[in-house]
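Notes follow once the structure below has been shown.
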Amino acid sequence: MSHHADPASFRAAASRFSTGVTVVTSSDPDGAPVGMTANSFTTVSMQPPTVLVSLKRGRTWQAVSTSGRYAVNVLAASDVAICRHFAGAPLAQGALALDERGGFFLLPQAIAQFGCEVVNAVEIADHTLFIGEVRWCRHQDGLPLAFYASCFRNGLGAEIRPSEALAYPAEGWTL
Ligand SMILES: Cc1cc2nc3c(=O)[nH]c(=O)nc-3n(C[C@H](O)[C@H](O)[C@H](O)COP(=O)(O)O)c2cc1C
(Lines give C-alpha, C1' and ligand atoms only; values in the text may rest on other atoms or scores of the structure.)
Protein backbone atom coordinates (compact mmCIF):
# COMPACT_ATOMS: atom_id res chain seq x y z
CA MET A 1 0.00 0.00 0.00
CA SER A 2 1.40 3.41 -0.92
CA HIS A 3 1.88 5.88 1.88
CA HIS A 4 2.14 9.67 1.64
CA ALA A 5 3.33 12.29 4.10
CA ASP A 6 0.53 14.08 5.90
CA PRO A 7 -0.37 17.17 3.76
CA ALA A 8 -0.09 19.66 6.64
CA SER A 9 3.34 18.31 7.64
CA PHE A 10 4.44 18.32 4.02
CA ARG A 11 3.34 21.93 3.54
CA ALA A 12 5.11 23.05 6.72
CA ALA A 13 8.32 21.15 5.95
CA ALA A 14 8.38 22.28 2.29
CA SER A 15 7.89 25.90 3.40
CA ARG A 16 11.26 25.70 5.24
CA PHE A 17 12.96 25.56 1.86
CA SER A 18 13.35 29.32 1.34
CA THR A 19 12.84 30.54 -2.19
CA GLY A 20 12.65 33.67 -4.22
CA VAL A 21 9.34 34.63 -5.81
CA THR A 22 8.68 34.97 -9.53
CA VAL A 23 5.85 35.94 -11.82
CA VAL A 24 5.56 33.61 -14.82
CA THR A 25 3.96 35.35 -17.80
CA SER A 26 2.76 34.11 -21.15
CA SER A 27 0.27 35.14 -23.80
CA ASP A 28 -3.21 33.84 -24.47
CA PRO A 29 -4.36 32.92 -28.02
CA ASP A 30 -5.35 36.58 -28.63
CA GLY A 31 -1.84 37.70 -27.68
CA ALA A 32 -2.98 39.21 -24.36
CA PRO A 33 -0.71 38.80 -21.33
CA VAL A 34 -1.49 36.38 -18.52
CA GLY A 35 0.62 35.61 -15.50
CA MET A 36 0.83 33.91 -12.14
CA THR A 37 3.02 34.03 -9.07
CA ALA A 38 5.29 30.99 -8.80
CA ASN A 39 8.09 30.05 -6.41
CA SER A 40 8.70 26.67 -8.07
CA PHE A 41 11.22 28.23 -10.46
CA THR A 42 14.57 26.46 -10.60
CA THR A 43 17.55 26.38 -12.88
CA VAL A 44 18.13 23.00 -14.52
CA SER A 45 21.27 23.24 -16.63
CA MET A 46 23.86 25.75 -17.80
CA GLN A 47 24.53 24.25 -21.23
CA PRO A 48 22.14 24.96 -22.79
CA PRO A 49 20.68 27.44 -20.28
CA THR A 50 17.56 25.65 -19.02
CA VAL A 51 15.02 26.34 -16.27
CA LEU A 52 11.73 24.89 -15.08
CA VAL A 53 8.53 26.04 -13.42
CA SER A 54 5.83 23.82 -11.95
CA LEU A 55 2.39 25.23 -12.77
CA LYS A 56 -1.02 23.98 -11.80
CA ARG A 57 -3.82 23.97 -14.32
CA GLY A 58 -5.31 27.42 -14.81
CA ARG A 59 -5.17 30.39 -17.14
CA THR A 60 -1.39 30.71 -17.19
CA TRP A 61 -0.92 26.94 -17.53
CA GLN A 62 -3.24 27.07 -20.54
CA ALA A 63 -1.36 29.96 -22.12
CA VAL A 64 2.05 28.31 -21.64
CA SER A 65 0.73 24.98 -22.96
CA THR A 66 -0.69 26.64 -26.07
CA SER A 67 2.03 29.19 -26.86
CA GLY A 68 5.02 27.04 -25.82
CA ARG A 69 6.66 30.13 -24.35
CA TYR A 70 6.93 31.83 -20.99
CA ALA A 71 8.88 34.54 -19.23
CA VAL A 72 10.07 34.37 -15.63
CA ASN A 73 10.24 37.67 -13.71
CA VAL A 74 12.14 37.51 -10.40
CA LEU A 75 10.48 39.87 -7.92
CA ALA A 76 12.14 42.51 -5.76
CA ALA A 77 11.34 42.85 -2.05
CA SER A 78 9.26 45.94 -2.87
CA ASP A 79 6.95 43.91 -5.14
CA VAL A 80 4.70 42.12 -2.63
CA ALA A 81 1.61 43.82 -4.12
CA ILE A 82 2.58 42.52 -7.57
CA CYS A 83 3.13 39.06 -6.13
CA ARG A 84 -0.36 39.16 -4.62
CA HIS A 85 -1.85 40.53 -7.85
CA PHE A 86 -0.63 37.49 -9.77
CA ALA A 87 -1.77 35.13 -7.01
CA GLY A 88 -5.42 36.18 -7.22
CA ALA A 89 -5.62 39.51 -5.31
CA PRO A 90 -5.74 41.95 -8.24
CA LEU A 91 -4.50 45.51 -8.07
CA ALA A 92 -6.71 48.28 -9.43
CA GLN A 93 -7.04 48.22 -13.19
CA GLY A 94 -4.20 50.11 -14.87
CA ALA A 95 -1.97 49.92 -11.76
CA LEU A 96 0.38 47.48 -13.42
CA ALA A 97 2.59 47.98 -16.47
CA LEU A 98 4.08 45.11 -18.44
CA ASP A 99 6.70 45.58 -21.16
CA GLU A 100 6.70 43.35 -24.20
CA ARG A 101 9.91 42.11 -25.77
CA GLY A 102 9.93 39.61 -28.63
CA GLY A 103 6.55 38.23 -27.57
CA PHE A 104 7.52 37.89 -23.88
CA PHE A 105 5.74 39.95 -21.21
CA LEU A 106 8.03 41.48 -18.63
CA LEU A 107 7.77 43.33 -15.35
CA PRO A 108 10.20 46.25 -15.73
CA GLN A 109 11.06 46.31 -12.01
CA ALA A 110 11.93 42.59 -11.86
CA ILE A 111 15.51 41.97 -10.67
CA ALA A 112 15.91 39.24 -13.33
CA GLN A 113 13.98 38.25 -16.44
CA PHE A 114 14.22 35.06 -18.49
CA GLY A 115 12.53 34.50 -21.85
CA CYS A 116 11.99 30.76 -22.35
CA GLU A 117 10.77 28.32 -24.97
CA VAL A 118 9.22 25.11 -23.68
CA VAL A 119 11.34 22.10 -24.70
CA ASN A 120 9.60 19.54 -22.48
CA ALA A 121 6.44 19.38 -20.38
CA VAL A 122 6.06 16.70 -17.72
CA GLU A 123 2.64 16.19 -16.13
CA ILE A 124 2.71 15.32 -12.43
CA ALA A 125 -0.59 15.10 -10.52
CA ASP A 126 -2.36 18.45 -11.06
CA HIS A 127 0.83 20.28 -12.05
CA THR A 128 3.01 20.38 -15.15
CA LEU A 129 6.77 20.92 -15.11
CA PHE A 130 7.43 23.28 -17.99
CA ILE A 131 11.11 22.89 -18.86
CA GLY A 132 12.27 25.87 -20.86
CA GLU A 133 15.40 26.79 -22.76
CA VAL A 134 16.39 30.35 -22.01
CA ARG A 135 16.51 32.41 -25.22
CA TRP A 136 17.64 35.57 -23.44
CA CYS A 137 17.87 36.98 -19.93
CA ARG A 138 18.88 40.11 -18.10
CA HIS A 139 19.19 41.30 -14.51
CA GLN A 140 19.56 44.39 -12.36
CA ASP A 141 20.66 44.89 -8.76
CA GLY A 142 17.99 44.92 -6.09
CA LEU A 143 16.90 43.28 -2.86
CA PRO A 144 15.02 40.06 -3.68
CA LEU A 145 11.60 39.11 -2.37
CA ALA A 146 11.96 35.88 -0.41
CA PHE A 147 9.38 33.38 0.79
CA TYR A 148 9.99 31.23 3.86
CA ALA A 149 7.62 29.47 6.28
CA SER A 150 4.65 30.86 4.29
CA CYS A 151 5.74 34.47 4.93
CA PHE A 152 7.27 37.07 2.66
CA ARG A 153 10.75 38.22 3.66
CA ASN A 154 12.81 41.24 2.83
CA GLY A 155 15.85 39.86 1.04
CA LEU A 156 17.85 36.84 2.09
CA GLY A 157 19.71 37.90 5.23
CA ALA A 158 23.39 38.62 5.69
CA GLU A 159 25.99 36.97 3.50
CA ILE A 160 27.98 34.16 5.13
CA ARG A 161 31.60 34.55 4.05
CA PRO A 162 33.66 31.40 3.31
CA SER A 163 35.83 31.93 6.43
CA GLU A 164 32.71 32.09 8.63
CA ALA A 165 31.08 29.14 6.84
CA LEU A 166 33.82 26.86 8.16
CA ALA A 167 32.53 27.48 11.66
CA TYR A 168 28.99 26.52 10.76
CA PRO A 169 28.76 22.70 10.86
CA ALA A 170 27.08 21.93 14.17
CA GLU A 171 28.38 19.19 16.41
CA GLY A 172 27.29 15.78 15.26
CA TRP A 173 27.13 16.70 11.60
CA THR A 174 28.89 14.46 9.15
CA LEU A 175 30.14 16.16 6.01
C1 LIG B 1 4.39 32.88 -3.03
C2 LIG B 1 3.50 32.07 -3.96
C3 LIG B 1 4.07 31.10 -4.77
C4 LIG B 1 3.28 30.33 -5.65
N5 LIG B 1 3.89 29.40 -6.43
C6 LIG B 1 3.15 28.66 -7.29
C7 LIG B 1 3.78 27.69 -8.14
O8 LIG B 1 4.99 27.53 -8.15
N9 LIG B 1 2.98 26.97 -8.97
C10 LIG B 1 1.62 27.12 -9.00
O11 LIG B 1 0.95 26.40 -9.75
N12 LIG B 1 0.99 28.04 -8.22
C13 LIG B 1 1.73 28.82 -7.39
N14 LIG B 1 1.12 29.77 -6.61
C15 LIG B 1 -0.34 29.99 -6.74
C16 LIG B 1 -0.70 30.81 -8.00
O17 LIG B 1 0.04 32.02 -8.08
C18 LIG B 1 -2.22 31.18 -8.03
O19 LIG B 1 -2.98 30.00 -7.87
C20 LIG B 1 -2.60 31.92 -9.32
O21 LIG B 1 -3.80 32.63 -9.09
C22 LIG B 1 -2.82 30.99 -10.52
O23 LIG B 1 -3.05 31.80 -11.66
P24 LIG B 1 -3.74 31.23 -13.00
O25 LIG B 1 -5.21 31.26 -12.76
O26 LIG B 1 -3.31 32.14 -14.11
O27 LIG B 1 -3.27 29.83 -13.22
C28 LIG B 1 1.89 30.57 -5.73
C29 LIG B 1 1.31 31.57 -4.93
C30 LIG B 1 2.11 32.32 -4.06
C31 LIG B 1 1.48 33.42 -3.23
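Here is how the numbers come out for the structure above:
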quantity: Exposure rule at most 12 other beta-carbon atoms within 10 Å, DSSP loop GluC sites (Glu not before Pro): the chain longest free segment; calculated: 1-158
quantity: Under-5 Å amide H pairs with Ser40, H placed in peptide plane, nonlocal only; calculated: Ser54
quantity: Nearest-10 value in Å² for the accessible area of Asp30, using the 1.4 Å probe; calculated: 140 Å²
quantity: ³J(HN,Hα) computed for each position of segment 49-55 - Karplus, 6.51 cos²θ - 1.76 cosθ + 1.60, integer Hz, glycine/proline x; calculated: x, 9, 9, 9, 10, 10, 10
quantity: With all protein chains modelled, accessible area of Arg57 [1.4 Å, Å²]; calculated: 120 Å²
quantity: Helix-only [θ]222 nm of the chain, DSSP H runs n ≥ 4, -39500 (n - 2.57) each, per residue, nearest 500; calculated: -4000 deg cm²/dmol
quantity: Between segment 1-25 and segment 52-96, the Cα center-to-center distance that results, in Å; calculated: 19 Å
quantity: Potential lengthening between Ser78 and Glu100 on full extension [0.36 nm per residue; Cα-Cα distance subtracted]; calculated: 5.8 nm
quantity: Directionally averaged projected area (convex hull, Cα atoms, the chain), nm²; calculated: 13.7 nm²
quantity: Accessible area of Cys83 in the full protein assembly, 1.4 Å probe (Å², nearest 10); calculated: 0 Å²
quantity: Kirkwood estimate for segment 18-122, i.e. one over the average of 1/r between Cα atoms, Å; calculated: 13.9 Å
quantity: Whole-Hz ³J(HN,Hα) from phi, Karplus 6.51 cos²θ - 1.76 cosθ + 1.60, for segment 101-106, glycine and proline x; calculated: 9, x, x, 9, 9, 10
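The values are calculated or read from the model by the stated rules, or taken from the named source; none is laboratory data. All values derive from a computational prediction rather than experimental measurement. Every residue, glycine as well, gets a Cβ built from its backbone with ideal geometry; the counts of neighbours run over all protein chains shown. Ligands, DNA and RNA are stripped out before the accessible areas are found, and what is left, the full protein with its side chains, is counted by its heavy atoms. Shrake-Rupley method; radii C 1.70, N 1.55, O 1.52, S 1.80 Å.
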